[in-house]
Amino acid sequence: MRAIYAFGLLILIAFLGARFITKRKVLSPINYFFSAGFIYIFLGLSLGRSGFNILSPSVLTGLTPLISLGLGWVGFLFGFQLEAKYLRRFPRKYKNLSFLQFLFVFLLGGLIFSLALKQFFPSERTFLLYGIGLAFGLLLSVNSPTLLSMASSAIPKRGNYHYLARFLVSVSGFWGIFGLAIFSSFWHFPIFESKIFLRGSLLLMFSSGFPILIGYLFHVLTKKKTSEEQMLVYLLGLVFFVSGASFYFNLLPLYMSMVLGITFSNLTRIHEKLYPLLLSTEKPLYITFLILVGALWEVYFDYRLALLVGLMILLRFMAYILPMPLFKVILDFPLNLPSRFGLSFLSSGGIGLAFAVSLKLAFPLPLTDLFLSVALFGILITELVSPWGVRMSIFKLDKEEKK
Amino acid sequence: MIPLLLIFVLMLILKSSILLPFANPDQSTSIALGFILVFAYLFGSHLKRLSLPLITGFILAGILCGPYVLKFITPSDVQDLDLLDGLALSLIALTAGGEMNIQRLKGRFKSISAIVFFQTVIVLLGFVLLGFFGRSFISFLEEGTLLQVFAFSLLLGTLSTPTSPATTIAIITETKASGKYTDLVLGSAVVKDFFVIVIFAFSLSISKSVAMPSHGFDLSFLLQILEEVGGSILIGLFIGGGIILYLKYIKRDVTIFILSVAFFSYQISHNYGYHPLLICLIAGFLAENFSAQGKRLISAIEKSSIPIYVVFFALSGASLNLGALRQTWLLALICVVWRGVLKFSGTFFGARITQEEAGVQKWAWAGFISQAGVALGMAIVVEHNFPEWGDEFMALVLAVIAINQIIGPIFLQRLLFKVKEAGKKP
């Protein structure tokens with residue numbers, strides 16, 4: 001009976017989505033919430049342990065490969081857009097800005113979260129608390145390109161701010177995920193263990209080398225004439241293989257799949273052929289992933305959680321808004337960088353969710369459960385306001401620049 | 001060949017004992033699945049050059065990498081992947097149901113009924129005879145009473161009757177076959193699956209009453225059949241209706257919807273003892289025949305059918321019990337050959353009575369060799385109900401299924417090429 005209710009719920013969501021989306025503007029919060037699929041997190045939540053318990057822990061174990069595929073897919077798609085040929089088109093100062101922005105957000109977020117966690121959980125081991133604090137810093141540094149891609153069609157006069165923001169959101173994820181890979185390779189071992197540097201470096205080398213090899217294999221397989229169905233099998237299989245290897249060795253699926261995506265994207269010449277396939281496969285996989293993320297989510301409320309969520313939202317605003325004028329001075333940036341330009345970076349979307357789930361699955365600890373809960377609440381709330389942020393920043397700045 | 005070897009060597013290294021101390025063996029499901037997807041597909045593609053069906057390659061790759069040979073896929077991986085396997089089966093059943101077009105099958109209903117009837121009767125009688133005359137060769141039946149031999153043979157005959165609809169539809173999709181033989185084979189395989197469930201319940205009850213007289217003939221199984229089959233049909237109709245309405249009024253996120261249909265069918269059947277195959281067959285049948293959008297639905301599933309088939313058949317290869325095959329290979333081989341002879345006779349008489357052309361009488365039997373799914377489920381029930389010889393029975397059935405599942409697809413593929421129906425689908 002519960003299965004039938006859940007099935008009905010799924011149809012209801014699809015029905016509401018079909019009715020709402022066609023009638024609303026692209027950048028209305030509800031429309032964005034539906035079309036970016038975040039509503040499916042709530043479906044997953046209602047199907048999971050906190051709801052009907054259809055996606056019970058044992059069922060979720062059976063569905064682990066789909067979670068692994070979802071994470072791998074997000075990472076692969078993210079890496080696939082990082083094609084050197086495309087990135088070379090942007091001036092060096094854009095790249096410097098992206099790194100500086102990452103560093104600032106990461107350090108500020110990491111520091112404040114580490115202190116806050118130490119305050120809230122005094123009995124926990126410092127090693128773990130600082131680790132989670134740094135992970136929050138990295139999570140804050142990640143931005144999603146989805147909102148800006150969707151908003152592109154709605155921006156009346158696309159100008160430099162639009163292109164700069166798109167570049168920054170595309171690249172910031174790389175820094176954040178790479179940072180998380182470095183951090184998690186070493187965080188595997190408590191501080192008092194010996195040969196941490198060697199062992200951590202080996203893990204990092206494996207995390208990077210293995211997907212590079214698989215990316216090359218993917219390139220070899222698709223170099224000859226490949227049908228769409230062959231390509232689908234290779235794509236699914238190799239993404240599974242890489243994210244499965246990361247699960248098997250307790251590494252980060254998001255990072256390893258991103259490296260796979262980067263490698264393949266820079267080797268292959270079949271981007272044109274692959275994009276339609278990626279587009280047609282992306283949505284079902286992504287929605288399945290969101291449903292499973294919702295089901296993994298064990299919702300609970302306490303004052304510490306609420307405070308950490310509040311802190312995350314506050315830092316999301318502050319860490320992007322405050323330093324913009326400073327960056328302009330430090331880098332002698334050719335474009336004026338007003339504070340409100342920082343409002344373009346409120347959304348961390350699917351990549352942020354994948355980031356949080358990736359960490360929880362690689363390190364199944366009570367603190368990573370907390371991390372996931374804070375991240376989910378924080379991301380869902382900031383996603384609701386992020387369309388407003390885009391309107392307030394890029395829309396207006398590009399308009400003013402054109403004038 | 002190089003990519004195949006490369007991925008093989010990589011997996012060998014990843015699973016080697018040197019890396020084992022760094023690994024988390026409880027999390028090996030995804031890596032096993034990713035590996036088998038690519039490896040089985042490449043393996044199947046190489047075998048295709050030898051004119052063998054892709055799915056035979058998938059099954060062989062599953063056997064090679066499974067728990068009995070290289071152990072890349074462990075028994076716990078197979079168990080953990082049961083849910084995905086169930087999802088794949090539901091999707092395959094939806095496609096099979098969708099292939100059952102009433103307009104096309106209308107003229108063939110008489111032949112399908114006759115073939116199903118004669119095959120069922122002849123296979124059942126044939127295995128009862130085999131049991132009586134061959135019991136001195138079957139170690140665990142040597143000391144059994146005649147009634148026990150009868151019970152054993154009747155159940156073995158029942159389990160030998162079905163043909164795997166999943167394998168049938170996979171080969172039809174792969175060869176892009178269309179025409180009279182294709183319809184006859186698929187139609188009969190699907191219809192037989194319904195009847196076999198009913199016949200099995202009768203056979204089980206008869207066997208229990210003769211082999212264990214204290215049991216008596218229990219008619220309560222009729223109620224159970226009514227619940228299982230009737231319930232599956234009702235749920236299938238409900239889901240099929242849902243698919244039609246969804247495709248007509250919502251149209252959005254069709255892939256997610258279909259995946260959910262497969263998931264919920266599996267969940268409902270798993271939790272309440274219904275048949276996922278029947279549910280999805282009915283749902284697919286309804287969508288195809290009573291909705292203008294049915295074709296779109298089926299072609300959407302068929303588009304991504306290859307990964308589904310790779311997962312399903314490679315896993316079925318990995319689950320084949322080679323231990324049982326090693327134990328009873330000679331007897332299993334005799335049963336396989338005898339089943340083939342009986343299938344030929346049943347098809348021949350069925351086709352002759354309905355005045356089908358000589359080709360159908362002579363060759364259509366080759367389409368009915370594959371055997372899996374339903375037979376396996378029934379063998380487990382038999383094992384539970386007859387503790388004295390249930391184990392040996394199970395081992396024999398598993399061995400027979402292992403052989404039939406390897407040769408069945410090859411026979412069907414050859415048939416479709418021979419009668420020139422392969423490649424005829426627009």
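Lys/Arg Cβ at +1, Asp/Glu Cβ at -1, dipole of the protein assembly as shown taken about the Cα centre: which of A:LEU343, B:GLN119, B:PHE72 is farthest positive-ward?
A:LEU343
Hey, got the average number of other protein chain Cβ atoms within 10 angstrom for residues in B:234-242? Walk me through the intermediate numbers first.
Values: counts 0, 1, 0, 0, 2, 2, 0, 0, 4.
Partner Cβ neighbours, averaged per residue: 1.
In percent, what relative contact order does the range B:193-294 have, based on Cα pairs under 8 Å that are 6 or more apart in sequence? Can you show the working numbers first?
On the way: 84 pairs, mean separation 31.9, N = 102.
Relative contact order, the range B:193-294: 31 percent.
With +1 on each Lys and Arg Cβ and -1 on each Asp and Glu Cβ, and nothing else charged, work out how big the dipole of the range B:77-128 is about its Cα centre, in Debye to the nearest 20.
Values: 4 positive and 5 negative charges, 150 e Å.
That gives the range B:77-128 a dipole magnitude of about 720 debye.
For the range A:137-186, count the residues as N, evaluate 2.2 N^0.38 Å, and divide the Cα radius of gyration by that value, please.
Details: Rg = 13.5 Å, N = 50, 2.2 N^0.38 = 9.7 Å.
Here the Cα radius of gyration is 1.39 times the empirical estimate.
State the answer as a single residue: which of B:VAL198, B:ILE235, B:SER209 lies farthest towards the positive end of the charge dipole of the range B:169-271, with beta carbon charges of +1 for Lys and Arg and -1 for Asp and Glu, about the Cα centre.
It is B:ILE235, whose Cα lies furthest towards the positive end.
Taking only the C-alpha atoms, wrap a convex hull around chain B and report its volume per residue in Å³ as a whole number.
Numbers: hull volume 63.8 nm³, N = 426.
Given the Cα convex hull of chain B, per-residue volume reads 150 Å³.
Using the Cα centre of the range B:147-261 as the reference point, and only Cβ charges (+1 on K/R, -1 on D/E), how large is the resulting charge dipole? Debye, rounded to the nearest 20. Kindly include the intermediate steps, with their values, before the conclusion.
Working: 7 positive and 7 negative charges, 73 e Å.
Computed about the Cα centre, the dipole is about 340 debye.
Which helices, counted as full DSSP H runs in chain A, have an axial Cα extent of no less than 15 Å and a Kyte-Doolittle average of 0.5 or above? Write down the numbers at each step before the final one.
Working: long enough: A:2-23 (32 Å, 1.50); A:64-80 (23 Å, 1.57); A:92-120 (41 Å, 0.94); A:126-140 (21 Å, 2.10); A:160-187 (39 Å, 0.94); A:196-223 (40 Å, 1.38); A:228-248 (29 Å, 1.16); A:253-267 (21 Å, 1.17); A:271-296 (35 Å, 0.84); A:303-321 (27 Å, 1.80); A:349-362 (20 Å, 1.60); A:366-390 (35 Å, 1.48).
Flagged H segments are A:2-23, A:64-80, A:92-120, A:126-140, A:160-187, A:196-223, A:228-248, A:253-267, A:271-296, A:303-321, A:349-362, A:366-390.
What are the principal axis extents of the Cα atoms in the range B:49-199, in Å, biggest first?
49, 48, 32
What is the P(r) of the range B:177-288, as percent of Cα-Cα pairs per 5 Å bin from 0?
Pair shares across the bins are 2, 11, 16, 17, 15, 14, 11, 6, 4, 2, 1, 0.
Output the peptides A:202-210, A:172-180 sorted from most to least packed, where packing is the average of other Cβ atoms within 10 Å over each peptide's residues.
Values: A:202-210: 17.3, A:172-180: 23.2.
Highest-to-lowest ranking by the protection proxy: A:172-180, A:202-210.
In the protein assembly as shown, with Lys and Arg counted as +1 and Asp and Glu as -1 at Cβ, which of these residues, A:PHE38, A:PHE104, A:LEU365, has the Cα nearest the positive end of the dipole, that is, farthest along it?
So the residue furthest toward the plus end is A:PHE104.
Please count, across the range B:71-229, the pairs of lysine residues with Cα atoms under 29 Å apart that sit 8 or more places apart or on different chains.
Lysine pairs meeting both conditions in the range B:71-229 amount to 9.
Can you list which of the DSSP-assigned H helices in chain B have a Cα extent of 30 Å or more along the long axis and an average Kyte-Doolittle score of at least 1.6? Walk me through the intermediate numbers first.
Numbers: long enough: B:109-134 (36 Å, 2.05); B:180-211 (42 Å, 1.30); B:322-353 (42 Å, 1.07); B:390-418 (40 Å, 1.29).
Flagged H segments are B:109-134.
Expressed as cubic angstrom per residue, what is the convex hull volume of the alpha carbon set of the range A:80-126? Please report the intermediate quantities before stating the final value.
Values: hull volume 4.6 nm³, N = 47.
Each residue corresponds to 98 Å³ of Cα convex hull volume.
Mean separation of Cα pairs under 8 Å and 6+ residues apart, divided by the residue count of chain B: what relative contact order is that in percent? Write out the running numbers ahead of the final one.
Numbers: 627 pairs, mean separation 115.7, N = 426.
RCO, chain B: 27 percent.
Within 10 Å of each Cβ in peptide B:258-270, how many partner chain Cβ atoms are there on average? Round it to a whole number, please.
4
Scan around A:SER347 for amide H atoms under 5 Å from its own, H built in the peptide plane at 1.01 Å from N, and keep only partners 5 or more places away or cross-chain.
A:SER144
Under 15 Å from the Cβ of A:TYR234, count the other residues' Cβ atoms, weight Lys and Arg +1, Asp and Glu -1, and hand me the total.
On the way: positive: A:LYS223, A:LYS224, A:LYS225, A:LYS273; negative: A:GLU228, A:GLU229.
Net local charge, A:TYR234 excluded: +2.
Rounded to two decimal places and with Rh computed the Kirkwood way over Cα pairs, what is Rg over Rh for the range B:22-130?
Details: Rg = 19.7 Å, Rh = 17.4 Å.
Computed over Cα atoms, the ratio is 1.13.
Within the set of other residues whose C-beta is less than 11 Å from the C-beta of B:ILE122, count the net charge using Lys and Arg as +1 and Asp and Glu as -1.
Details: positive: B:ARG339, B:LYS343; negative: none.
Charge balance in the 11 Å sphere: +2.
Taking the Cα centre of each part, how many Å lie between the range B:321-389 and the range A:34-49?
For the range B:321-389 versus the range A:34-49, the Cα centre distance is 46 Å.
Test of understanding: express the Cα radius of gyration of the protein assembly as shown as a ratio to 2.2 N^0.38 Å, with N the residue count.
Working: Rg = 29.4 Å, N = 829, 2.2 N^0.38 = 28.3 Å.
For the protein assembly as shown, the normalised Cα radius of gyration is 1.04.
For the range A:62-162, with only Lys/Arg (+1) and Asp/Glu (-1) charged at the beta-carbon, what is the dipole magnitude about the Cα centre, in debye rounded to 20? Show your work: numbers first, answer last.
On the way: 10 positive and 2 negative charges, 122 e Å.
Around 580 debye, computed over the range A:62-162.
Out of all Cα-Cα pairs in the range B:281-426, roughly what percent, to the nearest whole number, are more than 18 Å apart? Walk me through the intermediate numbers first.
Numbers: 7348 of 10585 pairs.
That fraction is 69 percent.
What translational diffusion coefficient, in µm²/s and rounded to a whole number, does the Stokes-Einstein relation yield for the range B:259-334 at 25 °C and a viscosity of 0.890 mPa s, taking the hydrodynamic radius as the Kirkwood radius over Cα pairs? Walk me through the intermediate numbers first.
Details: Rh = 15.2 Å.
Stokes-Einstein gives a translational diffusion coefficient of 161 µm²/s.
Give me the orientation-averaged projected area of the Cα convex hull of chain A, in nm², one decimal.
Details: hull surface 81.7 nm².
In nm², the orientation-averaged hull projection of chain A is 20.4.
How high is the relative contact order of chain A, in percent, counting Cα pairs under 8 Å that sit 6 or more residues apart? List each step's numbers first, then the result.
Numbers: 554 pairs, mean separation 113.5, N = 403.
In percent, rounded to a whole number, it is 28.
Considering just Cα atoms, how many Å³ per residue does the convex hull of the range A:339-403 enclose? If you can, show how the numbers build up before the last one.
Numbers: hull volume 5.0 nm³, N = 65.
Residue-normalised Cα hull volume stands at 77 Å³.
Would you report the distance distribution of C-alpha pairs in the range A:229-356 as whole percents per 5 angstrom bin, up to the bin with the largest distance?
Reading upward from the zero bin: 2, 8, 11, 15, 14, 13, 14, 13, 8, 2, 0.
Mind listing the Cα extents of the range A:21-130 along all three principal axes, in Å, largest one first?
52, 51, 31
If you count, for every residue in B:11-20, the Cβ atoms of partner chains within 10 Å of its Cβ, what is the mean?
Working: counts 2, 0, 1, 6, 1, 0, 0, 0, 3, 0.
Mean shielding count: 1.
Please compute the Kirkwood hydrodynamic radius over the range A:143-290, one decimal place, Å, based on all pairs of different Cα atoms. Walk me through the intermediate numbers first.
Values: mean 1/r = 0.0577 Å⁻¹.
Computed over Cα pairs of the range A:143-290, the Kirkwood hydrodynamic radius comes out at 17.3 Å.
No lab work stands behind these numbers, since they all come straight from the coordinates. Worth saying up front: this structure is predicted, and the values here are computed from it rather than measured. Note that we place each Cβ from the backbone using ideal geometry, even for glycine, and neighbour counts take in every protein chain shown.
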